[in-house]
Amino acid sequence: MRKNLLFTAVTGLLLLSNEAASAQTRTTLDIYVVDVEGGNATLLVTPSGESLLIDTGNTGPQASVRDASRIMEAAKDAGLTQIDHLITTHWHGDHYGGMDELAKRIPIKHFIDHGPNQQPAPGPDEFLAKVYPRLIANAKHTVAKPGDKIAMAGLDVQVVTSNGETIKTPVAGAGQPNPYCASFKPGDNNIEDPLSVGVHITFGKFRTMHLGDLTKNKEFELMCPNNRIGTLDVFLGLHHGVNTSSSEVMMHAVRPRVAIINNGTRKGGQPDVMKVLLSSPGLENLWQIHFSLLGGQEYTVPGMFIANLTDEQPPAMPTAPIAAPAPGPNTPPPPAHDGPAFWIKVQAQQDGSFTVINARNKFSKTYAAR
Ligand SMILES: [Zn+2]
Ligand SMILES: [Zn+2]
């Protein structure tokens with residue numbers, strides 16, 4: 001009898017440890033590029049289930065709920081019960097907009113930003129005065145400085161840009177002269193985009209980076225005269241593929257194998273920036289979160305690499321690019337794409353190999369370790 005009880009207890013312990021082992025079976029760094037209609041929401045999840053979310057989509061009574069819900073779909077897919085770290089890259093409505101709605105749905109433990117809003121506007125100023133203090137009250141809050149590390153087990157996450165400053169010391173292994181500096185042409189920018197918090201992330205031999213909406217002049221500061229970033233496997237975000245970012249000085253020097261742009265149907269992906277992206281040395285594929293009407297069929301990738309089509313699906317894919325809407329507050333919002341939305345997922349291995357998956361058509365491609 002005693003022996004049997006002991007046997008049962010030991011078997012029970014073995015079963016428990018087996019269950020614990022199966023909950024730990026993820027070995028990849030998983031990255032979800034969520035469709036937030038030309039905004040940004042990119043979720044990274046480590047093998048142990050620790051999470052880093054970069055931005056929370058769009059403001060607006062409907063858009064904020066839609067985007068928070070889409071982020072939650074990715075969080076559930078990853079089995080998350082909390083967001084461990086949230087970076088808000090800058091105080092534009094397409095980057096912080098779903099934060100309050102998201103915080104109602106899942107606890108957020110650590111808030112990271114570049115400091116106060118520098119581009120006065122009623123939306124972010126009210127959010128920062130009334131909503132953000134409430135959200136961060138019971139959490140950790142960090143104002144990021146270049147060179148800071150965000151502590152995550154199994155990942156090296158380094159802040160490379162914040163509040164207009166860039167790292168002065170190259171990331172490990174980088175620092176070679178950048179041949180693209182000589183032909184750099186300065187670009188235009190608003191006030192907040194160049195202040196974006198940018199992070200460089202290493203998982204084993206896999207390297208990726210997200211710079212928020214960092215613009216060309218800051219790309220030059222970060223990348224010249226020496227390339228302080230080195231090369232990347234996957235370049236995330238790219239300011240939605242908008243042409244005030246992604247100069248050759250950045251894009252061609254970091255030579256990503258894969259770039260994923262978080263564009264909208266009428267935001268980013270226009271001809272001039274597509275030429276830079278698609279001529280990038282060493283680029284194996286560009287993936288788009290949306291088909292862009294600004295690029296048309298002329299300046300796009302095959303549909304199998306595009307996660308979402310257009311809001312009002314035309315009978316045939318449009319061939320000619322349309323003109324980009326004028327920037328500024330008087331531009332009417334694009335038609336909302338509120339139906340099913342699809343993410344692009346990256347699964348990276350320690351050896352540097354990775355797979356990219358299009359959730360719409362289930363097309364996936366594996367990029368072998370080098
Ligand atoms: Zn943006
Ligand atoms: Zn912006």
(message) Taking the criterion of being closer than 26 Å to Phe342 by Cα and open to solvent by less than 10 Å² (accessible area, probe 1.4 Å), would at least one residue in region 215-230 satisfy it?
(response) no
(message) So, in region 22-40, exactly how many residues are within 16 Å of ligand 1 (Cβ to nearest atom) and in contact with a Lys or Arg (Cβ under 7 Å, 6 or more places away or on another chain)?
(response) 4
(request) Report yes if Thr244 is within 13 Å of ligand 2 (Cβ to nearest atom) and either open to solvent by 10 Å² or more (accessible area, probe 1.4 Å) or out of contact with any strand residue (DSSP E or B) (no Cβ under 7 Å at 6 or more places or on another chain) (or both), otherwise no. (result) yes
(request) Within region 82-92, identify whether any single residue is in contact with a helix residue (DSSP H, G or I) (Cβ under 6 Å, 6 or more places away or on another chain) and open to solvent by 40 Å² or more (accessible area, probe 1.4 Å), and answer yes or no. (result) no
(message) Would you confirm, using the coordinates I've provided, whether Glu298 is in contact with a Pro (Cβ under 7 Å, 6 or more places away or on another chain) and under 22 Å from Arg66 (Cα atoms)?
(response) no
(message) If I ask for residues that are out of contact with any strand residue (DSSP E or B) (no Cβ under 9 Å at 6 or more places or on another chain) and either over 12 Å from Phe235 (Cα atoms) or crowded, with 24+ Cβ neighbours inside 10 Å (or both), which ones from region 251-272 would you list?
(response) Gly264, Thr265, Arg266, Lys267, Gln270, Pro271, Asp272
(message) So in region 110-123, with the set limited to residues that are closer than 17 Å to Leu135 by Cα and either out of contact with any Ser or Thr (no Cβ under 9 Å at 6 or more places or on another chain) or without any contact (Cβ under 8 Å) to a residue 12 or more places away in the chain (or both), which one is farthest from ligand 1 (Cβ to nearest atom)?
(response) Pro116
(request) Run Tyr180 past the list (1) hydroxyl-bearing (Ser, Thr, Tyr); (2) farther than 16 Å from Asp55 by Cα; (3) open to solvent by less than 50 Å² (accessible area, probe 1.4 Å) and report the number of the one that doesn't hold. (result) (3)
(message) Name the single residue that is nearest to Phe235 (Cα to Cα) among those in region 296-308 being in contact (Cβ under 8 Å) with a residue 40 or more places away in the chain and assigned to a loop (DSSP other than H, G, I, E, B).
(response) Ala307
(message) Exactly one condition in (1) in contact with a Cys (Cβ under 8 Å, 6 or more places away or on another chain); (2) under 22 Å from Pro327 (Cβ atoms) is false for Leu211; which is it?
(response) (1)
(message) Just to be sure before I move on: is Asp156 more than 21 Å from His240 (Cβ to Cβ), of a type in the set (Asp, Glu) and not in a helix (DSSP H, G or I) in the structure I sent?
(response) yes
(message) Can you report the number of residues in region 80-96 which are within 14 Å of ligand 2 (Cβ to nearest atom) and assigned to a loop (DSSP other than H, G, I, E, B)?
(response) 5
(request) From (1) part of a loop (DSSP other than H, G, I, E, B); (2) of a type in the set (A, V, I, L, M, F, W, C); (3) more than 22 Å from Asp148 (Cα to Cα); (4) without any contact (Cβ under 8 Å) to a residue 60 or more places away in the chain, pick out the condition that doesn't hold for Val171. (result) (3)
(message) Cβ-Cβ under 9 Å, sequence separation 6+ or interchain: first residue in region 89-105 and more than 16 Å from ligand 1 (Cβ to nearest atom), partner aromatic (Phe, Trp, Tyr) and assigned to a helix (DSSP H, G or I). Which pairs?
(response) Asp100/Phe127; Asp100/Tyr132
(request) Please give the helices (runs of 4 or more DSSP H) falling wholly within region 183-295 in which 3 or more residues are among the small types (Gly, Ala, Ser). (result) none
(request) Examine region 164-187 for a residue that is within 16 Å of ligand 2 (Cβ to nearest atom) and over 27 Å from Glu37 (Cβ atoms), and state whether such a residue exists. (result) yes
(request) Answer with yes or no whether Ser64 is modelled with pLDDT of 95 or more and within 26 Å of Pro194 (Cα to Cα). (result) yes
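Yes or no, residue by residue, for (1) closer than 21 Å to Gly60 by Cα; (2) open to solvent by 40 Å² or more (accessible area, probe 1.4 Å):
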{"position": "Tyr96", "(1), (2)": "yes, no"}
{"position": "Leu102", "(1), (2)": "yes, no"}
{"position": "Arg105", "(1), (2)": "yes, yes"}
{"position": "Ile108", "(1), (2)": "yes, no"}
{"position": "Phe127", "(1), (2)": "yes, no"}
{"position": "Val143", "(1), (2)": "no, yes"}
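The values are calculated or read from the model by the stated rules, or taken from the named source; none is laboratory data. Please read all numbers here as calculations on a predicted model, not as lab measurements. Heads up, the Cβs are rebuilt from the backbone with ideal geometry, glycines too, and the neighbour counts pull from every protein chain shown. These area figures cover heavy atoms from the full protein model, side chains too; ligands, DNA and RNA do not enter into them. Shrake-Rupley method; radii C 1.70, N 1.55, O 1.52, S 1.80 Å.
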